[in-house]
Number of protein chains: 2
Amino acid sequence: MPLTDSLVQKLVVLGRVTDEPGKLTRTFLSPAMKRANALVAAWMKDAGLKVRVDSVGNLIGRLEARQRSSLNTSHLEPKTLILGSHLDTVRDAGKFDGPLGVLLPVVALAELKRRGIALPFHVEVIGFSEEEGVRFASAYLGSKGYCGKLTAADLAMRDAEGISVGDALRKFTNGKFSLPEPAHKRSDLLGYVEAHIEQGPVLEAEKLSVGVVSAIAGQSRFKLTWTGQAGHAGTTPMNLRRDALAGVAEFAVGVEAIARRTPGLVATIGSVIVSPGAANVIPGQVVHTLDVRHARDSVRRAALMQIGRLATRIADERRLTRRWQRTQENGAVGCAPKLTATLARSVQAVQGKSISLVSGAGHDAVVLSSLAPVALLFVRTRDGLSHHPDEFTSARDLDVALRVMIDFLERLAAENLDNR
Amino acid sequence: MPLTDSLVQKLVVLGRVTDEPGKLTRTFLSPAMKRANALVAAWMKDAGLKVRVDSVGNLIGRLEARQRSSLNTSHLEPKTLILGSHLDTVRDAGKFDGPLGVLLPVVALAELKRRGIALPFHVEVIGFSEEEGVRFASAYLGSKGYCGKLTAADLAMRDAEGISVGDALRKFTNGKFSLPEPAHKRSDLLGYVEAHIEQGPVLEAEKLSVGVVSAIAGQSRFKLTWTGQAGHAGTTPMNLRRDALAGVAEFAVGVEAIARRTPGLVATIGSVIVSPGAANVIPGQVVHTLDVRHARDSVRRAALMQIGRLATRIADERRLTRRWQRTQENGAVGCAPKLTATLARSVQAVQGKSISLVSGAGHDAVVLSSLAPVALLFVRTRDGLSHHPDEFTSARDLDVALRVMIDFLERLAAENLDNR
């Protein structure tokens with residue numbers, strides 16, 4: 001698999017480009033991000049792409065559509081297909097989350113070039129400069145910039161040293177920064193296709209290398225505070241207790257039951273702080289998070305109604321007070337049916353079977369969906385692990401993903417010819 | 001209520017004797033403990049008691065039985081009734097926990113003296129020097145010393161400055177310390193009676209000033225560690241999760257149900273640590289405490305068997321591992337039926353109604369039960385609050401407790417005469 005070897009080598013080499021010695025950390029506009037852009041730019045050029053960096057640090061490699069033959073008299077300007085993902089990472093990251101979606105199309109395009117195949121549409125491969133939200137509290141700075149969606153509020157966010165996004169971008173552009181326009185008109189685009197590691201266990205459980213994403217789940221996140229009455233664990237009879245933790249335990253069991261009986265819903269209580277937190281004191285207060293996601297907003301909202309009624313009943317029965325704070329709310333993003341169907345046919349052709357997945361995590365495709373039809377290919381990750389140095393995708397799975405990407409480009413080329 | 005005023009004044013004055021300015025803290029053998037002993041000694045002397053301090057710092061006030069008349073030809077030496085509680089406190093304590101059980105009999109004996117009533121038995125009122133276990137990890141140092149139960153292991157315990165109990169006692173006794181013998185033979189004792197704040201909500205719920213304790217609960221305490229698999233909250237479907245917190249929630253609900261259907265059982269999960277503890281990560285590990293108490297050891301053991309089976313079922317069903325560590329184990333102590341019945345008759349006479357309570361917390365009576373029949377009087381505390389500056393018992397409740405103590409002494413005197 002010399003092609004796959006090329007991809008693996010690139011992932012390994014890029015995985016060494018870091019701001020922190022001994023671990024992989026690359027954040028927005030950092031020195032390592034600039035070195036990463038330079039490295040990937042060289043590989044893009046080898047694949048025949050023309051490379052530039054935009055005003056928010058996105059690396060953009062462009063391959064023009066093949067010259068129309070004199071027989072082709074269409075007056076239509078070829079459309080553009082966007083491929084890519086992000087080149088920034090979390091702290092102490094793995095080397096697949098992001099870079100895979102940039103390097104996979106670079107290697108695929110290099111292979112098409114080697115075979116002498118030219119595409120009837122323009123291709124832009126993007127290494128987005130920021131997706132993880134590490135340096136600033138705001139994520140998707142790269143894709144928002146590309147899509148003309150950056151706001152003044154985004155520019156005002158400050159990093160740990162007090163530098164704002166705007167300051168950082170003015171420095172990056174030598175003072176010439178202004179809020180960027182969308183890179184394309186929607187009508188000029190064939191779509192945006194992103195390959196990304198699954199970061200979940202479904203493909204592994206299904207024993208498949210890749211799957212096609214149908215939607216990116218909408219998400220609600222809350223902070224809940226339950227207050228009862230602290231008391232002596234030895235001297236307070238069960239019937240006189242107002243135990244905040246006992247209430248939260250009943251709530252957690254009920255939330256899990258709601259999620260289990262609602263296909264596709266995931267609900268998670270990830271952080272729990274119990275006060276006062278001593279072995280011999282009944283918990284008087286519990287603060288915890290609740291994260292609820294589903295591919296359909298109506299299903300998520302209906303589940304939240306059930307969860308709200310559950311909390312009310314428990315609080316009433318146990319004489320607890322509870323306070324909800326909504327800390328995050330994102331609507332679901334549906335992938336484009338036609339583009340996704342084409343991608344699924346490529347998966348079917350290469351893997352023998354295609355499955356449809358919901359993405360529980362957000363990706364650059366969320367922002368790109370404002371500009372173009374989007375499709376998202378998931379690649380199996382070992383133990384569903386990501387955001388960790390042990391994040392791993394096998395060469396075998398990378399090989400399948402690479403063949404799917406090549407098949408998809410050829411299939412889209414054929415469809416595109418048919419459409420003329 | 002001049003008598004109650006005297007008790008309240010003494011509690012207030014003693015409550016100002018502290019090692020820490022601005023809050024009440026008196027620990028074993030500290031300067032404040034020595035001043036407290038001197039202050040209480042003066043009040044004991046006013047009540048007609050002869051005062052000494054034993055080799056572990058216990059303050060002992062003794063009132064000899066009245067001279068037998070020439071008509072009384074019994075050759076029996078009068079027995080001794082022990083009354084008391086502890087004079088040490090937790091850090092930032094309330095002023096009732098401990099001192100109440102020392103000052104209540106002092107004021108009661110002063111009243112009997114005023115009325116010219118002499119008792120047919122000796123009385124020793126003890127202010128134990130250590131019960132709270134604050135300075136050293138070991139508690140009950142005062143009562144253990146009085147009962148001849150101090151061990152070499154107790155003496156080897158060290159405080160935060162590295163001073164051992166043995167070192168502290170050698171300094172306290174000017175180098176003359178040796179492990180003390182029991183202060184009395186069991187056959188010489190009528191019993192030990194302790195008055196203590198309830199530190200719980202039962203008397204408040206029953207609208208009663210005092211109640212009689214039937215037993216001091218036995219206690220098992222555990223640290224449990226549940227391990228599942230951390231994972232992405234968005235990308236891991238419910239059926240592929242091994243969520244340690246969901247398992248602990250089910251366990252907590254089940255433990256509460258077992259405690260609720262077992263009369264008198266209390267079970268508490270007071271401390272819970274969730275890892276990794278992020279809103280978007282499924283908890284991979286939870287460590288929590290479990291505290292189980294009951295007045296009958298057999299009931300507590302049976303409940304622990306049920307709880308153990310519950311944990312096994314949950315761990316199996318959820319593919320979690322769990323580890324139990326037993327951190328504490330104390331058997332129940334039954335109060336002496338005859339002495340307790342006499343105390344209950346006094347409560348009935350003064351309050352119109354007597355109720356029987358289980359003490360969920362340990363007291364000096366636990367150690368004294370090795371030497372003498374014990375009885376324990378509980379006095380109502382507001383909101384069940386203790387170990388806190390807001391700890392409070394009303395003058396009305398103190399008045400009831402005082403009249404119960406006087407009635408009890410007179411009743412015991414009458415019984416004791418009858419027995420001759």
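Which residue, B:Ala315, B:Ala249, B:Pro283, has the largest displacement toward the positive end of the dipole of the range B:219-330 when charges sit on each Cβ (Lys, Arg +1; Asp, Glu -1)?
B:Ala315
Specify whether the C-alpha gyration tensor of the protein assembly as shown places it in the rounded, prolate or oblate class, a ≥ b ≥ c being the square roots of the eigenvalues: rounded for a/c under 1.5, otherwise prolate if a/b is larger than b/c and oblate if not. Mind dumping the intermediate values first?
Working: a/c = 3.55, a/b = 3.08, b/c = 1.15.
Taking the square roots of the gyration eigenvalues as a ≥ b ≥ c, the protein assembly as shown is prolate.
Shielding by partners for A:380-390, please: the mean number of other protein chain Cβ atoms within 10 Å of each residue's Cβ.
Across A:380-390, the average partner-chain Cβ count within 10 Å equals 2.
Return the percentage of antiparallel bridges among DSSP beta bridges fully within chain B, rounded to the nearest 5 %.
70
Based on the alpha-carbon gyration tensor of the range A:125-183 and its eigenvalue square roots a ≥ b ≥ c, which shape applies: rounded if a/c is under 1.5, prolate if not and a/b is larger than b/c, or oblate? Can you show the working numbers first?
Values: a/c = 1.61, a/b = 1.20, b/c = 1.35.
Oblate is the answer for the range A:125-183, as a/c is 1.5 or above yet b/c matches or exceeds a/b.
Which value in deg cm²/dmol, rounded to the nearest 500, describes the helix-derived mean residue ellipticity at 222 nm for the protein assembly as shown, given -39,500 (n - 2.57) per DSSP H run of n ≥ 4 and division by the residue count? Could the numbers behind the result be given before it?
Details: 24 runs with 308 residues, N = 840.
Taking each H run of at least 4 residues, the total per residue is -11500 deg cm²/dmol.
Local charge sum around A:Ala215 (other residues, Cβ-Cβ under 13 Å, Lys/Arg +1, Asp/Glu -1)?
Numbers: positive: A:Arg293, A:Arg296, A:Arg300; negative: A:Asp297.
Spelling it out: positives minus negatives among the neighbours equals +2.
Using a 1.4 Å probe, what is the accessible area per residue for the protein assembly as shown, in Å²? Display every interim value, and only then the final one.
On the way: 34080 Å² over 840 residues.
That works out to 41 Å² per residue.
Under the classification rounded if a/c is under 1.5, otherwise prolate if a/b is larger than b/c and oblate if not, where does chain A fall, given a ≥ b ≥ c as square roots of the Cα gyration tensor eigenvalues? Intermediate results must be reported in sequence, preceding the final value.
Details: a/c = 2.20, a/b = 1.83, b/c = 1.20.
In terms of gyration-tensor shape, prolate.
Once you keep just the Cα pairs under 8 angstrom separated by 6 or more residues, what percentage relative contact order results for chain A?
This gives 21 percent for chain A.
What do you reckon, how do A:Lys223, B:Lys113 stack up by accessible area (1.4 Å probe), largest on top?
Solvent-accessible surface, decreasing: B:Lys113, A:Lys223.
Working from Cα positions, state the angle (0 to 90°, nearest 10) between the long axis of helix A:337-351 and the longest principal axis of chain A.
80
Which chain A residue comes nearest the axis with its C-beta when you rotate A onto B, and by how many angstrom?
Rotation axis A onto B, closest Cβ, rounded to whole Å: A:Ala249, 2.
Mind checking which lysines have their C-alpha under 18 Å from A:Lys79, skipping anything on the same chain fewer than 8 residues away?
Partners found: A:Lys50, A:Lys185, A:Lys338.
Sorted from shortest, what are the nm distances separating the label point of B:Arg396 from equivalent points in the other copies, each placed 7 Å from Cα along Cα to C-beta?
7.9
Report the relative contact order of the range A:209-281, percent, no decimals, based on alpha-carbon pairs under 8 angstrom and at least 6 residues apart.
Details: 32 pairs, mean separation 23.5, N = 73.
It rounds to 32 percent for the range A:209-281.
Sort shortest first the distances from A:Arg158 to its counterpart in every other copy, using label points 7 Å along the Cα-to-beta-carbon line, and give them in nm.
Distances to the matching label points in the other copies: 4.8 nm.
Counting only protein heavy atoms and a 1.4 Å probe, tell me what percentage of chain B's accessible area is made up of carbon and sulfur.
Working: 8890 of 17060 Å².
Carbon-and-sulfur percentage of accessible area, whole number: 52.
Compute the label zone of A:Lys113 within the range A:43-58: residues whose backbone N is under 18 Å from the point 7 Å along Cα-to-Cβ.
Zone members listed by number: A:43-53.
Can you give me the distance in nm between label points at A:Arg35 and B:His388, each placed 7 Å from the Cα along the Cα-to-Cβ direction?
Placing both labels 7 Å beyond Cα along the Cβ direction yields 5.7 nm.
Considering every residue in A:222-232, what mean count of other chain Cβ atoms within 10 Å of its Cβ is obtained? Could the numbers behind the result be given before it?
Numbers: counts 1, 1, 0, 0, 0, 0, 0, 3, 4, 8, 13.
Partner Cβ neighbours, averaged per residue: 3.
Using only protein heavy atoms and a 1.4 Å probe, how much accessible area in total is buried between A and B, to the nearest 100 Å²? Walk me through the numbers on the way to the answer.
Working: alone 18880 and 18920 Å², together 34080 Å².
Roughly 3700 Å² of accessible surface disappears when A and B pair.
Give me the net charge of B:Ser346's neighbourhood, meaning all other residues with Cβ under 12 Å from the Cβ of B:Ser346; Lys, Arg count +1, Asp, Glu -1. Can you show the working numbers first?
Details: positive: B:Arg345, B:Arg403, B:Arg411; negative: B:Asp407, B:Glu410, B:Glu415.
In short, 0.
Excluding same-chain residues fewer than 8 positions from A:Lys95, which lysines have a Cα within less than 17 Å of its Cα?
A:Lys10, A:Lys23, A:Lys34
Just counting partner chain Cβ atoms within 10 Å, what average do the residues of peptide B:248-259 show around their Cβ? Please report the intermediate quantities before stating the final value.
Numbers: counts 4, 13, 5, 2, 9, 7, 2, 2, 8, 1, 1, 4.
Taking all residues of B:248-259 together, the mean is 5.
Based on Cβ point charges of +1 for Lys and Arg and -1 for Asp and Glu, what charge dipole magnitude is obtained for the range A:338-420 about its Cα centre, in debye rounded to the nearest 20? Write down the numbers at each step before the final one.
Numbers: 9 positive and 10 negative charges, 59 e Å.
Using Cβ point charges on Lys, Arg, Asp and Glu, the range A:338-420 gives about 280 debye.
What's the angle, to the nearest 10 degrees (0 to 90), between helix B:244-260's Cα axis and the longest principal axis of chain B?
Result, in degrees: 40.
Grab the Cα-Cα distance for B:Arg66 and B:Gln9, subtract it from 0.36 nm times how many residues apart they are, and report the gain in nm with one decimal.
Numbers: separation 57, 0.36 × 57 = 20.52 nm, distance 2.91 nm.
Here the answer is 17.6 nm.
Ordered shortest first, which distances in nm separate the 7 Å Cα→C-beta label point of A:Arg313 from those of the other copies?
In ascending order, 2.1 nm.
What percent does the relative contact order of the range B:219-330 come to when contacts are Cα pairs within less than 8 Å and at least six residues apart?
Working: 214 pairs, mean separation 49.8, N = 112.
About 44 percent, as a whole number.
Only sites in a loop by DSSP and with at most 15 other Cβ atoms within 10 Å count here; which trypsin sites (Lys or Arg not before Pro) in the range A:306-396 make the cut?
Values: sites: A:Arg309, A:Arg313, A:Arg318, A:Arg319, A:Arg322, A:Arg323, A:Arg326, A:Lys338, A:Arg345, A:Lys353, A:Arg380, A:Arg382, A:Arg396; in loops: A:Arg319, A:Lys353, A:Arg380.
Passing sites in the range A:306-396 are A:Arg319, A:Lys353.
The values are calculated or read from the model by the stated rules, or taken from the named source; none is laboratory data. Small disclaimer: the values here were computed from a predicted structure and weren't measured. Cβ coordinates were reconstructed from backbone atoms using ideal geometry, including for glycine residues, and neighbour counts include every protein chain displayed. For accessibility, only protein heavy atoms count, side chains too; no ligands or nucleic acids. Shrake-Rupley method; radii C 1.70, N 1.55, O 1.52, S 1.80 Å.
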